Amino acid sequence: MGLFTSKRKEKKSEISDRSISQEEINRLWKEAYQANPKVYEKTDGTLLAGFSLTEDTCSLFPVVPEKQWNLEGKTISEWIITAVSLTNPQGGIIGQIEYHEAMKRLQPFIIAVSGNWALIRAMTHNELDKLFENLPRKLV
């Protein structure tokens, strides 16, 4: 759907991982994959927005996606993150988590925040897998 509006603000980032230099953080901000939602209509007519978090990929995710995106004239009732593996021989999807729960669990992997954007460092398959501790693997 091409009806999304997004505004990425450039601000000085707050670094949460002091072992990475500011120069490296700046490089990662420029090179990281910027997550964008895909919107789906569920069988009950409600809308779901999903983002992919891929193994071994530094990514930019909105801290609060509802502030970052809106769909003209419609409400998105569910937001999720799908963890995707590049190395798992059984398939790519590790599982899906409700967006705000995922962001809580991703806190140790967020290396900087700027405005409504979080820079998440590249994660291994095992790190992505551990996000699902005590949670079901699929929501949809």
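The values are calculated or read from the model by the stated rules, or taken from the named source; none is laboratory data. In this text, all values refer to a predicted model and were calculated from it rather than measured experimentally. Reconstructed Cβ throughout: ideal geometry from the backbone, glycine too, with neighbour counts over all protein chains shown. Keep in mind that these areas ignore ligands, DNA and RNA; they rest on the heavy atoms of the full protein, side chains included. Shrake-Rupley method; radii C 1.70, N 1.55, O 1.52, S 1.80 Å.
Tabulated data
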quantity: Segment 61-81 residues that are closer than 27 Å to GLU31 by Cβ and touching a residue at least 40 places away in the same chain (Cβ under 8 Å), paired with ones that are part of a loop (DSSP other than H, G, I, E, B) and open to solvent by less than 10 Å² (accessible area, probe 1.4 Å) (beta carbon under 6 Å, 6 or more apart); calculated: PHE61/ALA35
quantity: Criterion (in contact with a Lys or Arg (Cβ under 7 Å, 6 or more places away or on another chain) and touching a residue at least 12 places away in the same chain (Cβ under 8 Å)) met by exactly one of LEU106, LEU131; calculated: LEU131
quantity: Lone qualifier among SER13, SER21 - being exposed (fewer than 12 other Cβ atoms within 10 Å of the Cβ) and at pLDDT below 90; calculated: SER21
